[in-house]
1. For the peptides A:131-139, B:24-32, what is the packing order when you average, over each peptide's residues, the other Cβ atoms within 10 Å and list the highest mean first?
2. What does the charge add up to near B:TRP40, with Lys and Arg as +1, Asp and Glu as -1, over the other residues with Cβ less than 13 Å from its Cβ?
3. Based on alpha-carbon atoms only, what is the radius of gyration of the stretch A:26-151 relative to the globular estimate 2.2 N^0.38 Å?
4. Sequence-distant or interchain residues sharing an amide H contact under 5 Å with A:GLY244, placed H: which?
5. How many Å² of accessible area per residue for the protein assembly as shown, probe 1.4 Å?
6. In the stretch A:316-331, which residues have a backbone nitrogen under 18 Å from the label point lying 7 Å from A:GLU414's Cα in the Cα-to-Cβ direction?
7. For A:LEU362, what charge total do you get from the other residues with a beta carbon under 15 Å from its beta carbon, if Lys and Arg give +1 and Asp and Glu give -1?
8. Given an 8 Å cut-off on Cα distances and at least 6 residues of separation, report the relative contact order of the stretch B:65-152 as a percent.
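The values are calculated or read from the model by the stated rules, or taken from the named source; none is laboratory data. On a predicted model such as this, the values are computed, not experimentally measured, just so you know. A quick note on method: Cβ atoms are made from the backbone with ideal geometry, for glycine too, and the neighbour counts reach across all protein chains shown. Quick note on the areas: whole protein, heavy atoms, side chains included, nothing else; ligands and nucleic acids left out. Shrake-Rupley method; radii C 1.70, N 1.55, O 1.52, S 1.80 Å.
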Amino acid sequence: MSEVKYLTEFYHLNEFQGLEGYKKNGGYVEAAKALKMKPEEIIDEVKKSGLRGRGGAGFSTGMKWGFLPKNNEPRYLLCNADEGEPGTFKDRLMMERAPHQLIEGMIISAFAINSKKSYIYIRGEYDYPIACVRKAIEEAYAAGYLGKNIFGSGFDHDMDVYVGAGAYICGEETGMISSLEGLKGQPKLKPPFPAVQGYLRKPTIVNNVETLAAVKYIIRDGAQGYKKYGTEKSTGTKLFSVSGNVMKPGNFEVPLGYPLKDLIELAGGMKPGRKLKAVIPGGSSAPVLNAEEAMKATMDYENLASLGTMLGSGAVIVIDDSQCMVDMLGTLTHFYHHESCGQCTPCREGTGWLDKIVHSILEGRGRLQDIDLLIKVADNMKGRTICALSDAAALPVLSFVSKFREEFEFFVREGRSQVKGTNYAQMHH
Amino acid sequence: MFQLSSEGLQAVKKELSRYETKDSAIIPSLFIAQKENNGWVSKDVVDHLSKVMEIPESKINEVFKFYTMFNQKPVGKYHVQVCATISCALVGARELSSHLCHELKVKHNEVTEDGRFTISRVECLGSCGTAPMMQVNDRYYENLTNESAMNILRGLK
């Protein structure tokens, strides 16, 4: 089975990046169409399409929009382009290749939720995508697709880019709102959910780049047409970022429900002489699958949940048999410790302890009981904090240790990696 | 004492009126000031911004210390950030950053004697499919080998 280029149909064309080329290939047709519809009709179509958030949580987009209060209070649309989940690089591709596709999806979405102002929050390191989106916004203003009385509909909308400054936690929607408000990017307690009280305590819808871009295609093909791809509960196509030990890493658009083993083949398969050892199927926060589980997994929300993991952001990290799982877990515990915002004690302290314990094993100071200590600390971090970062730090630890325990025990006993045969210092320094 | 250039000052003023609240201008203004202060935010940068923006220093400090893109100490003319998170680690990113340090005779996060380079290992930069990679100041360099990365650094003015 090959790719289904639904959102990415014209990504190979350089001209698709600019307004003229975008319009030549069907650009802004759906925005013009949607602004003649009733907002409720759009929301209804999005609900019926089954579109689920493509950033990580997989929550129904139409339902999220439906949580907005039914009044005339000003509300904001916030596009989450912070893309910080390790392994994920699809939003970057979308902003670079098709910034107008995002803007068009946002115009339609903003009209549907009656928002007069939107922000695209892009991670600060994405210098080139930021430039692409900024240029596209300028072009859209010049063409009258943003600003006053868009398409003669009487609908006004302003759009701006806000540039982040390096913090994984700002990809969490309430962390992002704090950051946009000019504060530390610390998440806020929910409820109230952002749809009720978000940016500046006003109703705010936060959606991922890929989610907003998909809205255009729901208008083009209708909910029924959109649902042609995917499974009953996981509708549509999805961009998967495949990285790690494959021959041709990259982004691949396939229908949800696509077999993971075929996706690995799309990415060129394993390197010669190497075998698949493990896959993290949905970004670094998703529990790891061993090779056997990976071979039977399909890339939809339900199947991955049944295997105890998640689709997340669609970042597939492929690990081959030359890799040491203790070492790889060390990179993850380091990441979460670095990125914990420090607000909740179980996460601030827990991520630090996890990282210290894994590194004590790596550095040859581990004790056998440390393996169970890792499990205990991780267990105590789950479900006890304001946001999901603490869980995201705990889940990889629990899955790595339970599925590759033998490697951890070997490292503790021998002070070196079972796979590499060398100690930590010899491995990378 | 740090002072914004007149263009920098104009840019900060523009940011101050751009968003719904003044506080939202702190991050963009820190970027403007950091660029004018050789790539890092010193105490007098914060003092100056506080005066210009009429926002308490404590508030600016709180923001700038939270975000990794603001450097809290001096960096080389070229700040070389090698992503070392899992996808990059799987294909040799840590070996790459160690190699660069070895070649340039410098430790991670320190400045080379000639002031030109700082090598840091950083967390995921969203370039997982083109790993190993490095960000030199604002620019990404991808699909690197130890040799190609060193050649790129040698080629910088």
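1. B:24-32, A:131-139
2. For residues surrounding B:TRP40, the net value is +3.
3. 1.06
4. Amide H neighbours of A:GLY244: A:VAL318.
5. The answer is 39 Å² per residue.
6. Inside the label zone: A:321-329.
7. Summing Lys and Arg as +1 and Asp and Glu as -1 gives 0.
8. Here the relative contact order equals 35 percent.
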